[in-house]
Amino acid sequence: MAKILIVDDEAHMRKFLEICLSRGGYAFCHAANGLEACQLAEKEQPSIIIMDVTMPVMDGLAALNKLKSNPTTAAIPVIMLTARGHNLPREEAQTSGASLFLTKPFSPSELMASAKRLIKENNSLAQSPD
């Protein structure tokens, strides 16, 4: 069963994301900031990470950079979420290795389709011979 790591400093947003994705039959783990996300991603090896940009302790972009520089977590696809409307976080997230960048409010069906596609692509890469 694919596991999704949901990272957001707001508990209601973590729950909302889990509800949006629950029809996919996924397992979930949660983190409230980027530092927790990095630690949990290394331990749990989720199939995908869905992470907010603006959080305390370590923001999503710093966590994304840390995840992508760690060989243990570098291949995990990351979807970045933000309420901001300007382009700087999007450009920074894309150059840092984010698989997708969604601006809140987003379409739950778009999130589900994107997560499903990225999990399938990641599973195919993991199973293909070198």
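Rule-based calculations on the coordinates, nothing more; no lab input. Nothing here was measured: the structure is a model prediction, and the numbers come from that model. As a convention, Cβ positions derive from the backbone with ideal geometry for all residues, glycine included, and neighbour counts pool all protein chains shown.
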Which residue, chosen from 75, 106, 41, occupies the Cα position most advanced towards the positive end of the dipole of the chain, where the dipole is computed from +1 (Lys, Arg) and -1 (Asp, Glu) charges on Cβ about the Cα centre?
-> 106
What's the extension gain from residue 107 to residue 54 if we count 0.36 nm per residue and subtract their Cα-Cα distance?
-> 17.1 nm
Rounded to the nearest whole number, the Stokes-Einstein translational diffusion coefficient of the chain at 37 °C and 0.692 mPa s (Kirkwood radius, C-alpha pairs) in µm²/s is 228
Taking the highest mean first, how do the peptides 53-64, 5-16 order by number of other beta carbon atoms within 10 angstrom per residue?
-> 53-64, 5-16
For the chain, what is the charge dipole size about the Cα centre, in debye to the nearest 20, if Lys and Arg each add +1 at the Cβ and Asp and Glu each add -1 at the Cβ?
-> 320
Counting sequence-distant residues (5 or more places) and residues on other chains, those with an amide H built under 5 Å from that of residue 48 are 3, 5
Relative contact order %, the chain, counting alpha carbon pairs below 8 Å whose residues are six or more apart = 24
